[in-house]
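A short worksheet on the structure shown next.
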Amino acid sequence: MTRLSHDQDTSGTRRGACPALSAPMQTGDGLLARVALTDAITPAELVGLCRLAREHGNGMMDISARGNLQIRGLTASSASLLDADVRALGLPLREGLAVETPPFAGLDETEIADPRPLAEAIRSGARTIVGLAPKMTVIVDGGGQLRHAELLADIRLLAHATPNGVRWTVLLGGIEATAGVLDVVDDTTAVKMTLETLRQLAAAGEFARGRDLAAVLPKHEAAAPSPSPFATYRLSDKLWAVGIGPAYGQAEAGRLLELSATAARLGLRTLRPALNHSLIFFGSGQACEALASIAENNGFITRPNDPRSFIAACPGSPSCTAGSIDTHALSHIAIEELGDVLDGSFTLHVTGCPKGCAHPRAAELVLCGTADGVAFVAGKASDHAFGSTAERDARTSLNRIAALVRAERRKNETTTACIARLGQSRLALCLTSGRP
Ligand code: SF4
């Protein structure tokens, strides 16, 4: 079932349909191919992918919020060469339905249950189900140190320990905190219930999603949010993990290649692209610490309090033709102007257009590119804006919001709580008047 147990042979070619790889998407800098993996790969395999990104694409790579690798700047002919060359690497490519497990699945001593057998049974059972929405996603979460609580899922299985053994809460729609509870069941029933729900959604048509069935269900009482992947984690006596990420989830392939080569030299044996645009490397505690130190010196995110990790930014202009603003430049300005206001209590969503690819759900503050400049939104990127400004004036507007929060924030109050208390009308007034 699991391809790598951190010391297995990784040779062999895997064939089969990987729609994300075979059907690249058009973006502003050419076609983008997604490499979705179901298991860890070796640093040498990531080096191979980085070389292919340079050879066939424009040399830029993304790690998506869900932990998929993306290769940018392809043409129609180079995309098909990439497809063949990636398959030749023999990676554990995802085929069919997205059934995701957290990055430490099966490796973390604190996990309540290993979610991989259930995930594999669902993948296998879903192969015969046709007509599902293209982005249909199932998450199987065994409850370890890093969880997928903030990622959207159509169906989510969540392990919890009971006096009678492990039970799985079956949740539909949303993130963990907003999902509806379908039932609490044992392993076998959880798989059956998931497959039955998938069949029901397939029968309802390719636009049917788990959230459509969740409205009548009781809401789940969510546990504390999952911590940041940008830290070092002890998984067992012999295994540690370290999360490292490029700023805003995007890097030149040569930088990722260097990082992977360094990881291999340090003896780190495997890695997984993971949530929040991270790469998680597995190995000894000493090797993890050494890699984090080298990565930090090379500009990667390695700490949970790095302000860049509090920002979800899509590639924006000029990488994406739909983008009206340079999202990465605006993110740098936001870090400079917001400073301590960017306290980690919320995600600042910086998006090139209202599609909101980098953060498809609501955020406390969204800076959204429009034909006229930058719209300020509280909610989803496509929601009504409470203010707007020309792109050249965005620094001034961010400075005004920072001054307002600093003036109004109560002792021990987070920025999230402060913004919610002030409300959109106060934020709008501050933007137009310039007075906190
Ligand atoms: S949100 Fe808009 S600008 Fe950003 S990547 Fe998606 S489509 Fe492009």
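The values are calculated or read from the model by the stated rules, or taken from the named source; none is laboratory data. The structure presented is a predicted model; accordingly, all values stated were derived computationally and were not measured. When we count neighbours, we look across all protein chains shown, and the Cβ atoms used for this are built from the backbone with ideal geometry, even at glycine. Heads up: the accessible areas ignore ligands, DNA and RNA and are worked out on the full protein's heavy atoms, side chains in. Shrake-Rupley method; radii C 1.70, N 1.55, O 1.52, S 1.80 Å.
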Give me the one-decimal nm value for the distance between modelled label points at residue 340 and residue 200, 7 Å along each residue's Cα-to-Cβ direction.
5.1
Distance in nm between pseudo-label sites at residue 371 and residue 177 (7 Å out along the Cβ direction from Cα)
3.6
Within segment 154-247, DSSP-loop trypsin sites (Lys or Arg not before Pro) with at most 15 other C-beta atoms within 10 Å are 238
Treating each Cα of segment 134-273 as an identical point scatterer and ignoring solvent, apply the Debye formula and state log10 I(q)/I(0) at q = 0.09, 0.20, 0.22 Å⁻¹.
-0.38, -1.14, -1.26
Computed E for residue 88/residue 232 - FRET, C-beta separation, R0 35 angstrom, nearest 0.05:
0.55
Please report, for the Cα atoms of segment 244-343, the Rg to one decimal and the Dmax as a whole number; what are they, in angstrom?
14.8, 44
Dimensions (Å) - segment 277-436, Cα atoms, principal axes, largest first
54, 44, 25
Summing +1 per Lys or Arg and -1 per Asp or Glu among the other residues with Cβ less than 14 Å from residue 127's Cβ gives +1
A student applying the Cα gyration tensor rule (rounded when a/c is under 1.5; otherwise prolate if a/b is larger than b/c, oblate if not) would label segment 352-436 oblate
What's the local net charge at residue 341, with K and R +1, D and E -1, over the other residues with C-beta under 9 Å away?
-1
With every protein chain kept in place and a 1.4 Å probe, segment 296-415 has an accessible area per residue in Å² of 45
For residue 111, the net charge from surrounding residues (Cβ-Cβ under 11 Å; K, R +1; D, E -1) works out to -2
For segment 86-197, what's the relative contact order in percent, using C-alpha pairs closer than 8 Å and at least 6 residues apart?
22
Report the extension gain between residue 428 and residue 412 in nm, rounded to one decimal, defined as 0.36 nm multiplied by the number of residues separating them, less their alpha carbon distance.
3.3 nm
Quick one: compute a quarter of the convex hull surface over the Cα atoms of segment 104-214 and quote it in nm².
6.5
Past the 26 angstrom mark, what percentage of all C-alpha to C-alpha distances in the chain do you count?
57
Using a 1.4 Å probe on the protein chains only, how many percent of the accessible area of segment 308-433 belongs to carbon and sulfur?
49
In percent, how large is the relative contact order of segment 308-433, given Cα pairs closer than 8 Å and 6 or more residues apart?
21
Let me have the relative contact order for the chain, percent, based on Cα pairs under 8 Å that are six or more residues apart.
13
Given a Förster distance of 35 Å, report the FRET efficiency between residue 383 and residue 298 from their Cβ-Cβ distance, rounded to the nearest 0.05.
0.40
Length gained, residue 289-residue 393, 0.36 nm per residue minus C-alpha separation, equals 33.3 nm
At residue 51 and residue 186, where each label point lies 7 Å from the Cα along Cα→Cβ, what is the point-to-point distance in nanometres?
5.0
Segment residue 219-residue 403, extension gain: residue separation times 0.36 nm, minus the distance between their alpha carbons
62.6 nm
What whole-number distance in Å separates the alpha-carbon centres of segment 151-219 and segment 114-148?
11
How would 340, 141, 85 line up by accessible area, probe 1.4 Å, largest first?
340, 85, 141
